[in-house]
Amino acid sequence: KILILDFGAQYTQLIARRIREIGVYCEIWAWDHDPAEIPAFAPRAVILSGGPESVTEENSPRAPQQVFDLGVPVLGICYGMQTLAEQLGGKVEGGHHREFGYAQVKADLSCELFRGLRSDSGSLPAYGEGESWMGAQGPAAAAEAAPGHAALDVWMSHGDRVVTLPPGFRAVGATGSLAYAAMADESRRYYGVQFHPEVTHTKQGAELLRRFVVDIAGCATLWTAANIIDDAAARVRAQVGSDKVLLGLSGGVDSSVVAALLKRAIGDQLVCVFVDTGLLRWKEGDQVMATMAEHMGVNVIRVNAAERYFAALAGVQDPEAKRKIIGRLFVEIFEEESAKLTDVKWLAQGTIYPDVIESAGSKTGKAHVIKSHHNVGGLPEHMKLGLVEPLRELFKDEVRRLGVELGLPREMVYRHPFPGPGLGVRVLGEVKAEYVELLQRADDIFIRELRAHGLYDKTSQAFAVFLPVKSVGVVGDARAYEWVIALRAVETIDFMTAHWAHLPYEFLGAVSTRIINELHGVSRVVYDISGKPPATIEWE
Ligand code: XMP
């Protein structure tokens, strides 16, 4: 396993995901995590991430001495390279203009990090995951690399630079403007790169990381979906013994994967409660039952609570008030149902690794911006149940791969996110059963058409919104005065910023025609072309 010390870069999670993709387990710890725990974690190598600070400033973050005492390989990336240089006796200078974007590094192939790499084409790759927000700078022409060297297309983002190498190091990569774009001390197996191998703009970045974790650190590539499942299942069995475990199934990806995993691990000791709020997508409640109960054989208690939700929401306009009611009712119903069950000792939850990293954070508060949309607030604390969180170490893409491996339908595992309050915040203003049904049917037409046209996977989230506004239309020969449906589709990486999706006009036209023709009560369809910011993805 690999330890990644986080100095607060946006890309730290990307480093971890790349390494996991290679098949090696890694964890991200804040740089100021208690260093006494490092030897016990016993990583085979340490990666120092990038970060927003400058090592030239007093009291800027440093890697703890324990990292060097381990005697394992160390790779510093960007800020990580600079602090590595500074801590080992080199010199870093600030005040240069920021270098941001494409660069070409002449990499020394005699360095183990670059061994066997070939020159890249010298052009920018298409946007990769996690990077579409970046401004691109013009590519340089493909340069002939000197013998023993390869010209690598890389992505840079830094202001400071290493100006004197620490003793024992040699330069193994340079650009036209940067003498030390990469450095190495091969006897101690310490490496530093000024560019970012974790972003796909650095075309052979994944190869470089593989050289480091597999060839240099000697890690075996055992982190595969099948192994993760076996391992997690064994741990759950050890944790709960023959006790019963309760899980709140929402129909979402995480809770479904937890259910499938626990079914594999402990069979019928797992009891799921699925609260059907009536605010899910068209026929989604039935689908959850068909998939989880019938197909996967999971023990599911379905509670049809639509009436209760509509009653509780009657007359309520304010979105935040609606969210509170929906969340509170969920907890209430979940508790009622679990009170009926006997000898349940554990509560399973679909917590995933990004939630863990974000809530741990760094003492300096420099870590990640915290996204705090949670489906339900405080689940029953007084129930005194132990927690089972088998996805705690996994990224979303890993959770999805596990789901497929466990036999969940691909289509459900790769679904767009769906907000906890569901259609409760997509019927604007007061929620009524009649509005919800119109919305469900319009939304169903939109989603089915997206799938049929191969557009579903090209958008990050798509849905319909019910506008409680009447507009005039002509239906047949008569004048109609009916509701409006808005369609929303966005492209985003992190859901913090988003572009509206440029869906083809013909496609939008066809969806609009179907909705207006098939739904009595809707005479107008509009498409939302607002970006986030300033608009949010949801309308409420
Ligand atoms: P906004 O609308 O804030 O949405 O741009 C960003 C992402 O969060 C989802 N979202 C929610 N998820 N409970 C949730 O579980 C909520 O109350 C909630 N509000 C928004 C939204 O669907 C999008 O993916």
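Restrict the check to the range 69-76 and report whether at least one residue is over 21 Å from MET156 (Cβ atoms), in contact with a helix residue (DSSP H, G or I) (Cβ under 8 Å, 6 or more places away or on another chain) and acidic (Asp, Glu). Spell out the reasoning first.
Narrowing the range 69-76 to residues over 21 Å from MET156 (Cβ atoms): 69-73.
This time we only want the ones that are in contact with a helix residue (DSSP H, G or I) (Cβ under 8 Å, 6 or more places away or on another chain), so: 69-70, 73.
Narrowing further to those that are acidic (Asp, Glu): 69.
The answer is yes, given that some residue of the range 69-76 is over 21 Å from MET156 (Cβ atoms), in contact with a helix residue (DSSP H, G or I) (Cβ under 8 Å, 6 or more places away or on another chain) and acidic (Asp, Glu).
Residues in the range 5-23 that are part of a loop (DSSP other than H, G, I, E, B), modelled with pLDDT of 95 or more and buried (at least 23 other Cβ atoms within 10 Å of the Cβ): 1 in all. Scanning the range 377-391 for residues that are touching a helix residue (DSSP H, G or I) at 6+ places or on another chain (Cβ under 6 Å) and either at pLDDT below 95 or within 16 Å of the ligand (Cβ to nearest atom) (or both) gives GLY377, PRO380. Only one entry in ALA85, ALA171, ALA107 is at pLDDT 90 or above, assigned to a strand (DSSP E or B) and under 33 Å from the mean Cα position of the chain (by Cα), namely ALA107.
Of all residues in the range 482-530, those satisfying the criterion of being within 11 Å of the ligand (Cβ to nearest atom) and either in contact with a Leu (Cβ under 7 Å, 6 or more places away or on another chain) or under 25 Å from SER471 (Cα atoms) (or both) are ARG488, SER530.
From GLU405, GLU336, grab the single residue that is at pLDDT 95 or above and acidic (Asp, Glu). First the steps, then the outcome.
Values: GLU336 fails: at pLDDT 95 or above.
Just one listed residue meets the conditions, GLU405.
All of (1) more than 25 Å from HIS295 (Cβ to Cβ); (2) surrounded by 20 or more Cβ atoms within 10 Å (Cβ to Cβ) hold for PRO390 with one exception: (1). Annotation: TYR481 fulfils all but one of (1) at pLDDT 95 or above; (2) surrounded by fewer than 16 Cβ atoms within 10 Å (Cβ to Cβ); the unmet one is (1).
Can you pull out the residues in the range 420-440 that are on the phi < 0 side of the Ramachandran plot, of a type outside the set (A, V, I, L, M) and surrounded by fewer than 19 Cβ atoms within 10 Å (Cβ to Cβ)?
Step one: list which residues in the range 420-440 are on the phi < 0 side of the Ramachandran plot, which gives 420-421, 423-428, 430-440.
Pick out the ones that are also of a type outside the set (A, V, I, L, M) and you get 420-421, 424, 426, 430, 432, 434-435, 437, 440.
Within the range 420-440, GLU430, LYS432, GLU434, GLU437 meet the criteria.
Of the residues that make up the range 419-437, is at least one in a loop (DSSP other than H, G, I, E, B), within 18 Å of the chain's Cα centre (by Cα) and either more than 14 Å from GLY278 (Cβ to Cβ) or within 15 Å of the ligand (Cβ to nearest atom) (or both)? Reasoning before the result, please.
Let us first name the residues in the range 419-437 that are in a loop (DSSP other than H, G, I, E, B), namely 419-421, 426, 428-432.
Those still in the list that are within 18 Å of the chain's Cα centre (by Cα) too: 419-420.
Filter again for either more than 14 Å from GLY278 (Cβ to Cβ) or within 15 Å of the ligand (Cβ to nearest atom) (or both), leaving 419-420.
Taking every residue of the range 419-437 in turn, at least one turns out to be in a loop (DSSP other than H, G, I, E, B), within 18 Å of the chain's Cα centre (by Cα) and either more than 14 Å from GLY278 (Cβ to Cβ) or within 15 Å of the ligand (Cβ to nearest atom) (or both).
Does ILE326 qualify as being within 14 Å of the ligand (Cβ to nearest atom), touching a helix residue (DSSP H, G or I) at 6+ places or on another chain (Cβ under 7 Å) and modelled with pLDDT under 95?
Numbers: within 14 Å of the ligand (Cβ to nearest atom): yes; touching a helix residue (DSSP H, G or I) at 6+ places or on another chain (Cβ under 7 Å): yes; modelled with pLDDT under 95: no.
No, not satisfied.
When you scan the range 331-354, how many residues do you find that are in contact with a strand residue (DSSP E or B) (Cβ under 6 Å, 6 or more places away or on another chain) and aromatic (Phe, Trp, Tyr)? Qualifying residue count, the range 331-354: 2.
Residues that are touching a residue at least 24 places away in the same chain (Cβ under 8 Å), surrounded by 15 or more Cβ atoms within 10 Å (Cβ to Cβ) and part of a helix (DSSP H, G or I) occur in the range 58-74; there is at least one.
Modelled with pLDDT of 90 or more, crowded, with 18+ Cβ neighbours inside 10 Å, within 16 Å of the ligand (Cβ to nearest atom) and within 23 Å of VAL236 (Cβ to Cβ) - does that describe any residue in the range 356-376? No: the range 356-376 contains no residue that is modelled with pLDDT of 90 or more, crowded, with 18+ Cβ neighbours inside 10 Å, within 16 Å of the ligand (Cβ to nearest atom) and within 23 Å of VAL236 (Cβ to Cβ). When the range 397-418 is filtered for residues that are over 27 Å from ARG514 (Cβ atoms), within 19 Å of the chain's Cα centre (by Cα) and assigned to a loop (DSSP other than H, G, I, E, B), nothing remains.
When the test is whether a residue is in a helix (DSSP H, G or I), in contact with a helix residue (DSSP H, G or I) (Cβ under 7 Å, 6 or more places away or on another chain) and acidic (Asp, Glu), ASP286 does not pass it.
TYR414 meets the conditions (1) away from the ligand (no atom under 16 Å from the Cβ); (2) surrounded by fewer than 18 Cβ atoms within 10 Å (Cβ to Cβ) in every case but one. The failed one is (1).
The values are calculated or read from the model by the stated rules, or taken from the named source; none is laboratory data. What you see is a predicted model; the values in this text were computed from it and never measured. Positions of Cβ are generated from backbone atoms using ideal geometry, with glycine treated the same way; all protein chains shown enter the neighbour counts.
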